[in-house]
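Chemist: Have a look at the structure that comes next, please.
The values are calculated or read from the model by the stated rules, or taken from the named source; none is laboratory data. In this text the structure is predicted, and so the values were computed from the model without any measurement. All Cβ positions, glycine included, derive from the backbone under ideal geometry; neighbour counts span all protein chains shown.
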Amino acid sequence: MIQDQPLRDSFTEFVNEVEPRLKRALCVGLGTERGVEATADALAYGWEHWERVKGMENPAGYLYQVGRSRGRPRRVPRPTFPAFPPESSPWVEPGLPDALARLSESQRLAVWLVHGFEWTLDEAASLLGVSVSTLRNHLGRGEKKLRKALGVSA
């Protein structure tokens, strides 16, 4: 546990900056309920080990990996996407949730973070702990599979 006030303050600042993005990424990869729990677990781990974690090159990416490993079930179910009442949300292609669920986790994350949350390639790659080139590959493959599943031409 952090005893030093400046360390506590730096952790609080880190959480305020990173927690929303971390939660979104983990919810996309693990589902809403598991993603929220994994975010809490990752941040708790970060709190317990902040003196070591704060010095890392990519502490947010490290905690993303911690959350992924702690939040992953032994048997991975297909992610489910929440159903929204039609009158309260914009029109969405009806086949999109099923098409997204059929993507690999890395492809789904790339598509959601870049197109769904409008993150830059740099932001998404940094949080996921991959190169921009790798993220671009996952994104391209995911987009191609979605177009095919939805019958849309490029």
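Chemist: Which of the following residues is modelled with pLDDT of 90 or more and over 11 Å from the mean Cα position of the chain (by Cα): GLU93, GLU143, GLU87?
Modeler: GLU143
Chemist: Across region 127-144, which residue is surrounded by the most Cβ atoms within 10 Å (Cβ to Cβ) among those that are touching a helix residue (DSSP H, G or I) at 6+ places or on another chain (Cβ under 7 Å) and either closer than 17 Å to GLY31 by Cα or among the charged types (D, E, K, R) (or both)?
Modeler: LEU128
Chemist: Test of understanding: among ALA149, ALA124, ALA110, which residue is more than 13 Å from GLY29 (Cβ to Cβ), touching a residue at least 12 places away in the same chain (Cβ under 8 Å), out of contact with any Pro (no Cβ under 9 Å at 6 or more places or on another chain) and not assigned by TED's automatic domain parsing to the domain that holds LYS23? Talk me through it step by step, then tell me what you get.
Modeler: Numbers: ALA124 fails: more than 13 Å from GLY29 (Cβ to Cβ); ALA110 fails: more than 13 Å from GLY29 (Cβ to Cβ).
It is ALA149.
Chemist: Still on this model: Six or more apart or on different chains, Cβ atoms under 7 Å: show the pairs whose first residue is in region 1-22 and farther than 23 Å from ARG34 by Cα and assigned to a helix (DSSP H, G or I) and whose second is charged (D, E, K, R) and modelled with pLDDT of 90 or more.
Modeler: LEU7/GLU51; SER10/LYS54
Chemist: If you don't mind, another one. Filter region 1-32 down to the residues that are among the hydroxyl-bearing types (Ser, Thr, Tyr) and within 18 Å of ALA60 (Cβ to Cβ) and list them by number. Can you show your working first?
Modeler: Filtering region 1-32 for residues among the hydroxyl-bearing types (Ser, Thr, Tyr) gives 10, 12, 32.
Answer for region 1-32, where residues must be among the hydroxyl-bearing types (Ser, Thr, Tyr) and within 18 Å of ALA60 (Cβ to Cβ): SER10, THR12.
Chemist: Shifting gears a bit: Counting only residues that are modelled with pLDDT of 90 or more and part of a loop (DSSP other than H, G, I, E, B), how many does region 125-140 have?
Modeler: Residues in region 125-140 being modelled with pLDDT of 90 or more and part of a loop (DSSP other than H, G, I, E, B): 2 in total.
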